[in-house]
Amino acid sequence: MASSKVTFRIQRFDPEKDEAPRDQDFQLELEPGITILKALNKIQAELDPTLALRYSCGSAICGSCAMKVNGHARLVCKTQVSDCVKDGVLRVGPMGNLRVLKDLVVDMEPFWDSLDKVKPYLAPDPAQAAPEKERLQSPEEFLRIDPSTTCILCGACYSDCNVLEVDKSFVGPASLAKAHRFIFDSRDAETTERLRKISEKTGVWDCTHCGECSTRCPTEAKPLERIEEIRVKAMTEGHHGNAGARHVLGFRETVGRRGLLDENYLPARSVGFFNIPGLLSIIPVGLRMMKRRKNPPLRPHSIDKVDEVKKTFARFEELRK
Ligand code: SF4
Ligand code: SF4
Ligand code: FES
């Protein structure tokens, strides 16, 4: 196959010279089958040695080469140039939700700090004597955590998470996938405490289900799927004293039992009927909605095909029992 000319539009930022990031174009004549990492190495070696980027293994193992390609986080050592060129141009920039140190290199500290919050290591029962060799688990038990063990801590999910864009206190998708890895580990003795903690504010219920993390994840860790599994386990084990769980229960009460979508009941049910500071805190939101005529009707409306919906909930109740 013939070589082709590609324009790499790279976001540059040198904190010693630039006040704001700027784009710089580099033209490369490339053979087919080249990865973006190799192309960036070529730019660095042949066109501009000051270009800063981070990488190590070149084989989608170390997780250090995540950056934005055409606006979305990807491992550049795993991504072919030919899959991403649009009208002869390929845009490369640093990961999102993290401070840029130089060009394509970001400060990963907030990402590592978020991991620390979920105690990312095995906590076996201290009352049990330490085994002579390793702590064993069956193949079936391992399969339960297999997907979450594949996380390579690249940060691609953290970069593109919509919640982190507006709320940096959210623990983030990678940490939740890591939490899953220990919550479901048969050798861990702190499942209850882990579930209690992760159900609090900034934890598993703060995710808005946009799915971006799973789309961006280069491994089978797929954070959104892990988040859903943690939520189910937290609900099943009775961790209901938090806004997320109360919202789920409230939804079941209005839609599942009454067949109504009661959007006035849900906010109060979620913060808690006796939580006076919580109730006061949602009043301004309600007033803003009223001002913009976005408030739900006072009389909740019935939902379409209500009998079908009730049947689905009843069936789910049976299965749950
Ligand atoms: S699904 Fe949740 S955790 Fe994943 S990117 Fe969206 S908001 Fe973030
Ligand atoms: S969950 Fe996926 S995207 Fe997120 S850090 Fe781990 S491997 Fe990377
Ligand atoms: S360089 Fe190691 S994952 Fe890309």
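The values are calculated or read from the model by the stated rules, or taken from the named source; none is laboratory data. Every value quoted in this text rests on a predicted model; they were computed, and no experiment measured them. Cβ: placed from backbone, ideal geometry, glycine included. Neighbour counts: every protein chain shown. All accessible areas refer to the heavy atoms of the entire protein, side chains included, with ligands and DNA or RNA removed. Shrake-Rupley method; radii C 1.70, N 1.55, O 1.52, S 1.80 Å.
Between the alpha-carbon centres of the stretch 106-121 and the stretch 260-307 there is a gap of 35 Å.
Once the other residues with Cβ under 12 Å from the Cβ of L101 are scored (Lys, Arg +1; Asp, Glu -1), what is the net sum? Local net charge: -2. Taking the square roots of 5 times each eigenvalue of the Cα gyration tensor of the stretch 1-150, largest first, gives ellipsoid semi-axes of 39, 20, 12 Å. Among the GluC sites (Glu not before Pro) in the stretch 69-172, those located in a DSSP loop and surrounded by at most 10 other Cβ atoms within 10 Å of their own Cβ are E132, E134.
Taking R0 as 41 Å, what's the FRET efficiency between E140 and S56 from their Cβ-Cβ distance, rounded to 0.05? Please list the in-between numbers first.
Working: r = 34 Å, r/R0 = 0.84.
FRET efficiency, E140 to S56: 0.75.
Net charge of the neighbourhood of C84, taken over other residues with C-beta under 12 Å away and scored Lys/Arg +1, Asp/Glu -1, is +4. Under the simplified labelling scheme, the N162-R99 pair shows an inter-label distance of 2.8 nm, with each label point 7 Å from Cα along Cα→Cβ. Among the trypsin sites (Lys or Arg not before Pro) in the stretch 1-66, those placed in a DSSP loop whose Cβ has at most 15 other Cβ atoms within 10 Å are K17.
Computed from Cα positions, the angle between helix 139-149 and the longest principal axis of the chain comes to roughly 60 degrees. When the surface is traced with a 1.4 Å probe over the full set of protein chains, S114 keeps roughly 10 Å² accessible. Spin-label pair K291-F273: with each label point 7 Å from Cα along the Cα-Cβ axis, the two points sit 3.1 nm from one another. Among T236, T50, the order of accessible area from largest down is T236, T50, computed with a 1.4 Å probe on protein heavy atoms.
Nearest 500 deg cm²/dmol is fine: what mean residue ellipticity at 222 nm does the chain get from its DSSP H runs of n ≥ 4 alone, each adding -39,500 (n - 2.57), divided by its residue count? Show your work: numbers first, answer last.
Working: 13 runs with 121 residues, N = 321.
Helix contribution divided over all residues of the chain: -11000 deg cm²/dmol.
Using the Cβ-Cβ distance between K305 and R91 with R0 = 56 Å, the FRET efficiency computed as 1/(1 + (r/R0)^6) comes to roughly 0.80. In sequence order, the stretch 293-298 has phi-based couplings of 6, 10, 6, x, x, 5 Hz under the Karplus curve 6.51 cos²θ - 1.76 cosθ + 1.60, θ = phi - 60°, and Gly or Pro positions carry x.
Against the chain, whose longest principal axis is taken from its Cα atoms, helix 223-236 shows a tilt of about 20°.
When each pair of different Cα atoms in the chain is counted once in the 1/r mean, what is the Kirkwood radius in angstroms, to one decimal?
Working: mean 1/r = 0.0437 Å⁻¹.
Radius from the Kirkwood sum: 22.9 Å.
Comparing L224, T236, L101 along the charge dipole axis of the chain, the residue lying farthest to the positive side is T236, per the Cβ-charge model. For the chain, which longest stretch is free of loop sites, where a loop site is one of the chymotrypsin sites (Phe, Trp or Tyr not before Pro) that DSSP puts outside H, G, I, E and B and that has at most 12 other Cβ atoms within 10 Å? That would be 122-272. Across the chain, the relative contact order, built from alpha-carbon pairs under 8 Å that are at least six residues apart, equals 13 percent.
Subtracting the Cα-Cα distance of R257 and K119 from their residue separation scaled by 0.36 nm leaves 45.8 nm.
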